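Before any comments, here is the structure.
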Amino acid sequence: MLSDLTIKEYLEKTAGKNAVPAGGSASALSAALAASLTEKIANLIASKQENEDAKAEMEEISERMNALREEFTQCIDRDVEACQELAKAYKMPEETEDDKKDRDEQIQKSILIAAMRPFDVAEMAVLMMDFIFEVAKQADKMTITDVCAAMSLARSAVFGSSLITKENILQLKSKGIVIELTKKSDDFQKLAFQKEQELLDWIRK
């Protein structure tokens, strides 16, 4: 399990000669880091907040980020598992017509799963960016830079995951699914850029 490795071990595996872990796993890690950093900042703000409503809001966001952190961490391994299943599908026998049909069906199924793993990361990361912005509204000068780092990590996760999804689905035969996922992935990228820019504009005011 990649999620059980030390940071150094994970980086060494990513830099290695094997096909995985690669971009999908790295994007999930980026999202997990964004959630972790946001959780930390929300907890710090809550511990110093005298307004009960504002404190409760930060505590709720902290809990949400904790749950997302766990989900993104699992996505690090899910992406690798999906890629491995796709590799197995390509190695299936194709001696008979039935073999070829079974192989083709399994490949298409595995491609879709491999595409949806990063797609899920992008979708969750886009939603997370709204909570990062809410944390920014209560952050002080000491923590606002950490909020910006969290937002940047989230945006990176969205862009990386969306690009991987769009690349993977090109192998699908269902053009309807390709068109739908491509559009949604493009929308995720646009939203991620807008949300990060909104935060930066808000800070500069």
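First select every other residue whose beta carbon is under 9 angstrom from the beta carbon of Cys75; then total the charges, Lys and Arg +1, Asp and Glu -1. Please list the in-between numbers first.
Numbers: positive: Arg78, Arg117; negative: Glu71, Asp77, Asp79, Asp120.
Combined, the nearby Lys, Arg, Asp and Glu give -2.
Based only on the alpha carbon positions, what is the Kirkwood hydrodynamic radius of region 1-46, in angstrom?
Values: mean 1/r = 0.0843 Å⁻¹.
Every distinct Cα pair counted, the radius reaches 11.9 Å.
Hey, what number do you get for the chain at 222 nm if only DSSP H runs of n ≥ 4 count, each worth -39500 (n - 2.57), divided across all residues, to the nearest 500?
Details: 6 runs with 168 residues, N = 205.
Rounded to the nearest 500, the figure is -29500 deg cm²/dmol.
Counting Lys and Arg as +1 and Asp and Glu as -1, what is the net charge of the other residues whose Cβ lies under 12 Å from the Cβ of Glu97?
Details: positive: Lys100, Lys101, Arg103; negative: Glu94, Glu95, Asp98, Asp99, Asp102, Asp104.
Once positives and negatives cancel, what remains is -3.
Count neighbours as other Cβ atoms within 10 Å of each site's Cβ, and list the GluC sites (Glu not before Pro) in region 1-61 that are DSSP loop with at most 15 such neighbours.
On the way: sites: Glu9, Glu12, Glu39, Glu50, Glu52, Glu57, Glu59, Glu60; in loops: Glu50.
Of the GluC sites (Glu not before Pro), the ones in loops of region 1-61 whose Cβ has at most 15 other Cβ atoms within 10 Å are Glu50.
Taking 22 Å as R0, compute the FRET efficiency from the Cβ-Cβ separation of Lys17 and Gln84 and round it to 0.05.
Working: r = 16 Å, r/R0 = 0.71.
Efficiency for this residue pair is about 0.90.
Could you work out the local net charge near Ala115, counting Lys and Arg as +1, Asp and Glu as -1, over the other residues with Cβ closer than 12 Å to its Cβ?
On the way: positive: Lys109, Arg117, Lys166, Lys184; negative: Asp79, Asp120, Glu167, Glu180.
Residues close to Ala115 contribute a combined charge of 0.
By Kyte-Doolittle mean hydropathy of at least 0.5 and Cα axial length of at least 15 Å, which whole DSSP H helices of the chain are selected? Don't skip to the answer; put the middle values down first.
Numbers: long enough: 23-48 (38 Å, 0.70); 52-90 (57 Å, -0.86); 97-136 (59 Å, -0.05); 144-168 (36 Å, 0.62); 175-204 (44 Å, -0.60).
Membrane-span-like by this criterion, though nothing is claimed about a membrane: 23-48, 144-168.
How far apart, in nm, are two points set 7 Å out from the Cα along the Cα-to-Cβ line at Asp4 and at Ala56?
Output for this residue pair reads 4.1 nm.
Taking the alpha-carbon set of the chain, what are its Rg and Dmax in Å?
19.5, 72
Can you compute the label reach from Ile144? Point 7 Å from Cα along the Cβ direction, backbone N cut-off under 12 Å, restricted to region 185-205.
Only 199-205 pass the distance filter.
Once you have the Kirkwood Rh of region 1-88 from its Cα pairs, apply Stokes-Einstein at 25 °C and 0.890 mPa s and quote D in µm²/s. Please report the intermediate quantities before stating the final value.
Working: Rh = 14.4 Å.
In µm²/s, the coefficient is 171.
Please sort by residue number the GluC sites (Glu not before Pro) in region 70-167 whose DSSP state is loop and whose Cβ has at most 14 other Cβ atoms within 10 Å. Please list the in-between numbers first.
Values: sites: Glu70, Glu71, Glu81, Glu85, Glu94, Glu95, Glu97, Glu105, Glu123, Glu134, Glu167; in loops: Glu94, Glu95.
Filter output for region 70-167: Glu94, Glu95.
Quick check for you: with a 1.4 Å probe and neighbouring chains kept, what is the accessible area per residue of the chain, in Å²? Numbers along the way, then the final one.
Details: 11660 Å² over 205 residues.
That works out to 57 Å² per residue.
Go ahead and set up a Gaussian network model of the chain, Cα springs under 10 Å, then flag whichever of Met128, Met142, Met116 fluctuates most.
Met142
Express the carbon and sulfur contribution to the solvent-accessible surface of region 1-69 as a percent, rounded to the nearest whole number, probe 1.4 angstrom. Walk me through the numbers on the way to the answer.
Numbers: 2130 of 4130 Å².
Ligands and nucleic acids excluded, carbon and sulfur reach 52 percent.
Please identify the trypsin sites (Lys or Arg not before Pro) of region 1-72 that satisfy two criteria: DSSP loop assignment and at most 12 other Cβ atoms within 10 Å. Which are they?
On the way: sites: Lys8, Lys13, Lys17, Lys40, Lys48, Lys55, Arg64, Arg69; in loops: Lys17.
Sites meeting the loop and neighbour criteria: Lys17.
The values are calculated or read from the model by the stated rules, or taken from the named source; none is laboratory data. Small disclaimer: the values here were computed from a predicted structure and weren't measured. Backbone-built Cβ (ideal geometry, glycine too); neighbour counts: all protein chains shown. Accessible surface areas use protein heavy atoms only, side chains included; no ligands, DNA or RNA. Shrake-Rupley method; radii C 1.70, N 1.55, O 1.52, S 1.80 Å.
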